1. In the set C:15, C:89, which member is open to solvent by less than 50 Å² (accessible area, probe 1.4 Å) and in a helix (DSSP H, G or I)?
2. Are any residues in region A:265-297 of a type in the set (Val, Ile, Thr) and assigned to a loop (DSSP other than H, G, I, E, B), and if so, which ones?
3. If only one of C:269, C:265 is closer than 29 Å to residue C:162 by Cα, open to solvent by 30 Å² or more (accessible area, probe 1.4 Å), under 15 Å from the mean Cα position of the chain (by Cα) and within 11 Å of another protein chain (Cβ to nearest Cβ), which one is it?
4. Output the number of the condition that residue B:12 fails; it satisfies all remaining conditions of (1) more than 7 Å from every other protein chain (Cβ to nearest Cβ); (2) touching a residue at least 12 places away in the same chain (Cβ under 8 Å); (3) assigned to a helix (DSSP H, G or I); (4) open to solvent by less than 60 Å² (accessible area, probe 1.4 Å).
5. Taking the stated definitions as given, is residue B:113 open to solvent by less than 60 Å² (accessible area, probe 1.4 Å), within 30 Å of residue B:211 (Cα to Cα) and at pLDDT below 95?
6. Among the residues of region A:269-277, is there at least one that is on the phi > 0 side of the Ramachandran plot, in contact with a Ser or Thr (Cβ under 8 Å, 6 or more places away or on another chain) and not aliphatic (A, V, I, L, M)?
7. Name the single residue that is most open to solvent (accessible area, probe 1.4 Å) among those in region B:243-287 being within 22 Å of residue B:39 (Cβ to Cβ) and among the hydroxyl-bearing types (Ser, Thr, Tyr).
8. From C:72, C:88, C:102, C:66, grab the single residue that is in the same structural domain as residue C:177 (by TED's automatic domain parsing) and closer than 13 Å to residue C:145 by Cβ.
Amino acid sequence: MRKFTAVALAAVFALGSLAAARAATPILETGSSLLYPLMNLWVASYQAKNHTVQITTQSTGSGTGISQAIAGVAQIGASDAYMGDPQMRGHRMLNIPLAISAQQINYNIPGLNNVHLHLSGPVLAGIYMGRIKYWNDPQIKALNRPYAGRLPHRTIIPIHRTDGSGDTFIFSQYLSFTTPMWSHGPGYGTSISWPSVSTAVGANGNPGMVQACKATPYSIAYIGVSFINETNKAGLGYGLLKNRAGRFVAPTASTIGSAAAAMYPKTPRDERISLVFAPGANSYPIINYEYAIVNPHQKNAETREALVKFLSWVLDHNGGQEMHFLNAVHFLPLPASIAKLSREQVAQIH
Amino acid sequence: MLAGVLTSVAAGICLLLVVLMLVFLLWYTWPAIRYNGLSILNDMTWNIGNQYGTGSSVHNGVAAEPGAEFGGLVFLVGTLLSALLAMVFAVPLALGVALTIVYRLPERLRLPVNALIELMAGIPSVVYGLWGTIVLVPWVGNRVAPFVTHHFGFIPFLGGDAGSGNGLFAAAIVLAIMVMPIMVATVRDVLLAQPKSIFEASMALGSTSWQAVTHAVLPSVRTGIVGAILVAFGRALGETMAVLMVAGNAINILPHNIFSPINTIAAVVVSQLESAVSDASGVAQRSLAELALVLFVISLTVNTVARVAIRGQDRSH
Amino acid sequence: MVSRVTRNVAISRLWWVLCISSLVGALLVLLSLFGFVFVRGVAAIRPEIFFTVTQGIAGGLANAIVGTLLLVTLAIVLVVPVGIGAAVWVTQFAPDRLRIVVRLSIDVLFGVPSIVVGYFLYVALVETAGWGFSLVAGSLALAIIMLPYVYRAADLAFSAVPRDLVEASVALGARPLTTFVRVAFPWALPGTLTGLLIGVGIAVGETAPLIYTAGWSNYMPTLAPTHSPVGYLTYVVWTFINEPFKQSHQLAYAAAFLLMIAIFVTNFVARAGVEYWASRTRSHS
């Protein structure tokens, strides 16, 4: 026994020291599960050429990304949400957009998943407040005349995120901007106080949302567009959302681009702005900047250097902004004007 | 005497650790205790407040974000209900298993069965959670819940929405399976510690073996069994990962039937900590720690009563 | 009269059938669990898993395996002197009143849910002390969770050392320390080791207290005590099963399988230890 322990110990420490010998600067990226698939593509490609840095990626939720970046535990907090003013007062952090993303509304209605239901902010708010209980509710029928007869009398199971999440942020913004009752009630945030709905279920991260929606017939969920391949594979339906102009649009490169273009000129220097419910006939209503939340003051020189280098590469149109990265997850690259603002923010890291 | 000094340092560390943990938790949660008052126990709403608003919400001199409210009732009820329901499932099962092992199992089967029961106690919580997610929850959601709500819906707490499978029922089943081995082992040891003569004398007086067990043996080990149940109950209250994976993460709502999604204190600490940390005022994080403190106090009480019961049993013979 | 006896016998039989079926039921559940983990686990195990690190949601488990070993090893190093030392003090040196206090504090530790330990260390070490997610924070969490198991086993083992043996040694003129090292310690060792192994089994399977102390890393752990997060197997089970990707499910099953094997081994060794100890006790009396 003692001999075994000794051998095991020796082996462990040999392995450990082996790893220590080729130690490179560690950088921890944690947060948004919506950005996570793209981050993995970026990091894999970047690491292939840069061996002096070790970037760990973690899919934990935007709330985690923001708070761990503030706590100094992570160097990059990935977030679909910018930080609120109260948070910024306590901790001056950089909110650096890296790409443009969108969110789909998915559902699992056996027999109707190949149909794109029309959904509006007030109807979604009604569902998540428990005022619209069944799929054949008159309000849902009214938006979907051609399928009215096929909507089942089944209880809707609304799925929401339990972790602090940028997807919750942009989803609840859409509800707040379209539905007064929602804005006066739960409001918006990365974690909000969900109304009491007896069938409501919580799920962890976008992956958890896909799993839960797939496993739960008659459920509805809000899921980041980077999971479109997974939601398709899971056989989930997605809705067309009512935009500011009153039209129902699908999340496509063209509708996301149209909404984003309407918002670029309004983006302030610190880039904290909501892109949700943008004007324009062809604009998709739930889109957002994907942020890197970074502490401008980095104590460790090696970490700072590695961090700036990586972020600069991500913002480079010959680097992370190349279309093949973004196409793979259905994101859009930053236009030159916004990439410039982001680079200016990176330059503030000292 | 060096050994005495060194070992007393070790004992001191044990003591210090416990004191430190308690003092730290109390000190850390103090602002939350002042902000929340009793609402941490009897309010249903958990709301970290508007992180994008202006102004603040002030209670007893402690400021949090506007609208912030930290009610733990939903989690408290979920914790107690899931652990109690788990006991309803686990107690008869564990008693049956322990009695079988002691009175019915052939000698050569005892060792392997005991080994298996102990193995069951050692399986990690996440592995139970994995099994719960992939095997149990779909079974409950697709078969058990629709069947029960349809045929037995007239019984209170069994009717209404069948839900998704994630919920009180699945959590209680997983908990029952997890705590059963602990209960079996304790009850078995209590039974084995009884003089065989009690059972044999009763048999000699003409009772059946079951009567001997229920009339002679069980009454004499009552406190020991209560102790075993309480130890298991204490474990069920504090169990985290498996419950987190199958309970449905309910928020702001109490369960209306046995299949409703719930949440427990331990699970909510894991799932809400990161959201809480993003509260700029810091009250959310401290309120979560206050919930942890509540759980600490509850399990401490249950465990103390259990230990007293078991020691009482040990002393009685 | 006869009918009543027959009825009682029938009732007795019925109850015993129920009891036996509860045992069979428990074993069936265990079988479902084992079957599930083993079938899926074996299908998911590939040799590369042991040699490659996790890449995002795919890759291998080398980082998690080494991380678990490192975290548990350091936890053992931390818990052994404290747990066993305290038990030795309580059983050999302590005055009555303090003995009760130490035992009480261990009882309290038993009642602390593991997530509370994790939360405490997160706030105290990871945040306030600024260690970040780290090996030491994770190992400390595991050590605190193992402590009551190790302590109680050692306390029992040292309390069970036969008085006459100690007295005989002292009567033969041995110094107290010699008596302790030569007589009491060897006697109590198997029982203590068994308790330690039970603690190791629990530490290997812990998740909740590690999430906020060790963090998680895709890379091989370094031996840096702080500021470097460490991966571990239970994390893979809990997060990767929630990903909608087949490769990540495979990794979760593989990790669950490896955890079960680890638990099997520690359990088996612990049981063998108990048997060995029991046989020695018998031969003495």
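The values are calculated or read from the model by the stated rules, or taken from the named source; none is laboratory data. This structure is a prediction, so every number in the text was calculated from the model and none was measured. Please note: Cβ atoms are built from the backbone with ideal geometry, for glycine as well, and neighbour counts cover all protein chains shown. Protein only, heavy atoms only, side chains kept; ligands, DNA and RNA dropped before computing areas. Shrake-Rupley method; radii C 1.70, N 1.55, O 1.52, S 1.80 Å.
1. Of the residues listed, the single one that is open to solvent by less than 50 Å² (accessible area, probe 1.4 Å) and in a helix (DSSP H, G or I) is C:89.
2. Matches in region A:265-297: A:267, A:273, A:276, A:286.
3. Of the residues listed, the single one that is closer than 29 Å to residue C:162 by Cα, open to solvent by 30 Å² or more (accessible area, probe 1.4 Å), under 15 Å from the mean Cα position of the chain (by Cα) and within 11 Å of another protein chain (Cβ to nearest Cβ) is C:269.
4. Status for residue B:12: all satisfied but (2).
5. Yes.
6. Let us first name the residues in region A:269-277 that are on the phi > 0 side of the Ramachandran plot, namely A:271, A:277.
Next, only the ones that are in contact with a Ser or Thr (Cβ under 8 Å, 6 or more places away or on another chain) stay: A:271, A:277.
Right, trim to not aliphatic (A, V, I, L, M) and you get A:271, A:277.
Yes, region A:269-277 contains a residue that is on the phi > 0 side of the Ramachandran plot, in contact with a Ser or Thr (Cβ under 8 Å, 6 or more places away or on another chain) and not aliphatic (A, V, I, L, M).
7. Among those that are within 22 Å of residue B:39 (Cβ to Cβ) and among the hydroxyl-bearing types (Ser, Thr, Tyr), it is B:281.
8. Details: C:88 fails: closer than 13 Å to residue C:145 by Cβ; C:102 fails: closer than 13 Å to residue C:145 by Cβ; C:66 fails: closer than 13 Å to residue C:145 by Cβ.
One residue alone meets the criteria, C:72.
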